[in-house]
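Structure record follows, encoded as structure tokens.
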Amino acid sequence: QVQVVESGGGSVQPGGSLRLSCQASGARVPYLVMGWYRQAPGKQREWVAYITAPMTTAYIPSVEGRFVISRDRAKNLIYLQMNNLMPEDTAVYYCNEWPLNRPVWGPGTQVTVSS
């Protein structure tokens, strides 16, 4: 199982930007599809974006064009650049394998978008 630690969250105003980082551990990580997920208050956790080993990416419609997922396979790092943030992006953000496979969740990182 992949183990992860997320960082980089914070509080920003609408229209602001943040870059999240995920340090993953495990020999298989460079070969896995890795994703970012988020859970807003009172809502279920949802998938946000994923990136494959050859760097193919996919996003949910609500973040397409605003978020960019990337990875450093040599360092087992996965990033999420979030631009033009909106209040509805407020959530705890997590990374993990995609699709989920008996996940062990990290602590997540809180993103709050508010004026």
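For segment 54-115, the calculated P(r), taken from all Cα-Cα distances in 10 Å bins from zero up to the bin holding the longest distance, is 17, 49, 31, 3 percent. Around the amide H of Gln3, modelled in the peptide plane, lie the amide H atoms of Ser25, all under 5 Å away and 5 or more residues distant in sequence or on another chain. The residue list Pro107, Ile60, Met82 was ranked by how far each Cα lies along the charge dipole of the chain toward its positive end, using unit charges on Cβ atoms, and Pro107 comes out on top.
A convex hull fitted around the alpha carbon atoms of the chain yields 88 Å³ per residue. Of the solvent-accessible surface of the chain, computed with a 1.4 Å probe and all protein chains present, 51% belongs to carbon and sulfur.
The values are calculated or read from the model by the stated rules, or taken from the named source; none is laboratory data. Computed from a predicted structure; not experimentally measured. Reconstructed Cβ throughout: ideal geometry from the backbone, glycine too, with neighbour counts over all protein chains shown. Side chains are part of the model used for accessible areas, which takes the heavy atoms of the whole protein and leaves out ligands, DNA and RNA. Shrake-Rupley method; radii C 1.70, N 1.55, O 1.52, S 1.80 Å.
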